[in-house]
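To start, the structure under review is shown below, and the notes come after it.
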Amino acid sequence: MSVSPSDISRVVSPLHAIFWGGILYIIDVNIGVSANENGWQLDLLNDLLGMVLITWGVIKLAGMDVDASYGKAMVFVSIVAGLSCLEALHAHRVYQVPPLLSFMLSVLGLAQAAAVVVFCVAMRWLSAASHLVASARSWRTTTWLFIIIYAIPIVLTHVAGILAVLAGTSFEYKLNLGAEGLGLMVPLLAVVVVVMAIPVIHLFVSTSRMKREAGTVVGAGATYAVDLLPDGRNLFGVFPDRDSDQTSE
């Protein structure tokens, strides 16, 4: 199904909500009170608020009528986003997590990694359905950035956690650099932050490109002369050269 480029104006606000929600979710500034591994913690850049913004944006985008594959993909992303809201609320509680719940959270982590990739693919489908060629290419790049920088490390981490739960042990890792390596921590953390920010920044770039490209198409109207269809018609089903010849006659 072909989506009108003018409909893209309806997806910009949800995409921006997802972008800022992702920023809140990724960056953690925690303060907490606990004793004997029991207590509460508060994230000043609240993960729950971030997930609510993401969930709202995803649900709005799921309402776009593209095709069956897009609809199924966005339903999956919406379900994972809703469950992630519960996870973000649960994260405010500090306690010894039971093995079964730990297993379920690891499975949810795998679903979250998949949902991010599925979401980017769905946005590429939406761009393609609207004949926004540059935006579709941009979302393809965004998809690969999330796969390489986010999905692969997250999947490996959660798989290790699941195996640890099944084996009846705990999974943890420690980075021991020694006294001489402490000076490397600041630049190392800086590099990690920059690398982790790349996919999120590119998501914003892809969003902005969709808005800009759709605005260009809509502004051009029925005289938009980029031939994308095999028979020479433009995005709006118009044969520009043929119509102009008839006008001149």
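Ordering of 151-160, 103-112 by packing is 103-112, 151-160, highest average first (other Cβ atoms within 10 Å, averaged per residue). For the peptides 121-133, 189-201, 79-91, the ranking by mean Cβ contacts within 10 Å, running from highest to lowest, is 121-133, 79-91, 189-201.
Coordinate-derived values only; no laboratory data. No experiment lies behind these values; they were computed from the predicted model shown. Neighbour counts are summed over all protein chains in view; Cβ atoms, including those assigned to glycine, are modelled from backbone coordinates with ideal geometry.
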